[in-house]
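These notes concern the structure reproduced below.
Nothing in this text is a laboratory measurement; each read-out follows from the coordinates by a stated rule. Predicted model only: the values in this text are computed from it and were never measured. Cβ placement follows ideal geometry from the backbone for every residue including glycine, while neighbour counts extend to all protein chains displayed.
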Amino acid sequence: MEFAVAADHVFDGTILRHDCAVVIEDRRIRAVMRRNDVPKSIRCHTLPREAWLAPGFIDTQVNGGGDVLFNDDPTPHGIAAIAAAHRRFGTTALLPTLLSDTPAKMRISRHAVETVAGIDPSVIGLHYEGPFLSPDKAGVHDQGMLRHPGPAMPSCWRRCAMALRSSPWRPSRCRRASSRSWRVREFGCRLVIRWQPMRKPGPRCPKG
């Protein structure tokens, strides 16, 4: 299927173009051209006057949205609500993010993301934030959910075949991690190991 979207202003990520169209074929951008150069055989949808067409944002850490917190509702319905809320503000691809939680909740969230990713291209993977965090630098994470990597932990990642998974690890929790990391990679996962401290968020008020 091939179609085009035209707008008065088109930003391709590098260059700002005017009175142009983006030609899309099989969910991929095939060309960016002048609106008048679009072949008559291609259906063209024109955006409202003075509209801007630009690449969407990719958010790799989305804990919630639309009054839904992923930890509270790790279901396809919850993910759909989160994605819809962020889409309104220009995010077209995201990773639902689970804060440190039980192995059972990790498996449930993985299954939900796998289900949604098969039908919603905006859900590109799952982000596990924790649970291998230093207790004194865990920020808003539930202290009772923090733990060391164990032999059974990689099962939470088994059968994941999505774009990106990450789990912040901390030095005090990583003494046993090096011997486990090969097992995590075996399941097709990418490791993200961060060392910076996490702080509890303070009050956030709009600046007047």
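Shown for 50, 25, 114: other C-beta atoms within 10 Å of each C-beta, ranked fewest to most, produce the order 50, 25, 114.
As a proxy for reagent exposure, ranking 44, 20 by other Cβ atoms within 10 Å from fewest up yields 44, 20.
Computed over neighbours whose Cβ is under 12 Å from that of residue 53, the net charge equals -2, Lys and Arg +1, Asp and Glu -1. Peptides 77-86, 58-67, 126-135, ordered by how many other C-beta atoms sit within 10 Å of their residues on average, highest first, read 126-135, 77-86, 58-67.
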